[in-house]
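Quick notes on the structure that follows.
What follows is calculated from the coordinates using simple rules that are stated; it is not laboratory data. Not measured: the values here are computed from a predicted model. Here the Cβ positions follow ideal geometry from the backbone for every residue, glycine too, while neighbour counts run over all protein chains shown.
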Amino acid sequence: MKSDKTRAKKRTRLCQMPTPGNIAGRSSSITNAFFNAIIPIIQPSEEEELEALQILGMDPNDIRCAYCGGKSTEWDHLRAIITDQRPTGFITEIANLVPACGKCNQSKGKTEWKKWMVGPAKLSPTTRGVIDIEDKIARLSKYEQWRKPTRIPIEQVIDQELWKEHLANWSAVRDLLAKSQKLATEIRLAIEKYRVDLRNQRA
Ligand SMILES: [Zn+2]
């Protein structure tokens, strides 16, 4: 027997209602922004791009997602540049980028690429029943061997005071987001109370 809760969830709405959102819910994009902002980006030459696509077996005029073969819309970091809220030391360079589609990029997140491809994550290539998955894995493994990736022990090579200041700023922004969310909720509830009082007066 289904509970009321499940039944309520199953109800189909004619249109999706807007939600109040959550200011503090932006915390992970703030974290990404703080670390993305410090990671070096090396622009590849045209030859390097062509070589990369060749290893992946792709036509430069029809670039596909390296994970699922769908239409590519972006470059994805093969090895994550941020995990556990810290920079991994890998940087943005051609040997660490593969063409990907938005679905794969979001589904993969910070998981190790091969583990994710064969794993049960929502929208992973295995979950979506992507064909030639073994071939795609073989291509990506070859790509991984192409060049030794740059890995910089970021937290050790920069001035400790600068690093501490950066982390403190990050923390202050997150605290402010949480504080702002609390205040916004309080304000929304006060407005809601006013609305209910107004309705009761009219009734
Ligand atoms: Zn894809």
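Divided by 2.2 N^0.38 Å, where N counts the residues, the Cα radius of gyration of the range 55-164 comes to 1.16. Between the helical axis of 133-146 and the longest alpha-carbon principal axis of the chain there is an angle of about 70 degrees. Kirkwood radius for the range 130-177, taken over all pairs of different Cα atoms as the inverse mean of 1/r, rounds to 14.6 Å. Summing charges over neighbours of Gly70, with a neighbour being any other residue whose Cβ is under 14 Å away from its Cβ, gives +2 when K and R count +1 and D and E count -1. Over all pairs of different C-alpha atoms, the chain has a mean inverse distance whose reciprocal, the Kirkwood radius, equals 20.8 Å. The convex hull around the C-alpha trace of the range 100-203, projected and averaged over every direction, spans 12.9 square nanometres. Its alpha carbons give the range 40-82 an Rg and a Dmax of 11.2, 31 Å.
Taking amide H as placed 1.01 Å from N in the peptide plane, the amide H of Thr92 sits under 5 Å from that of Ile42, each at least 5 places away or on another chain.
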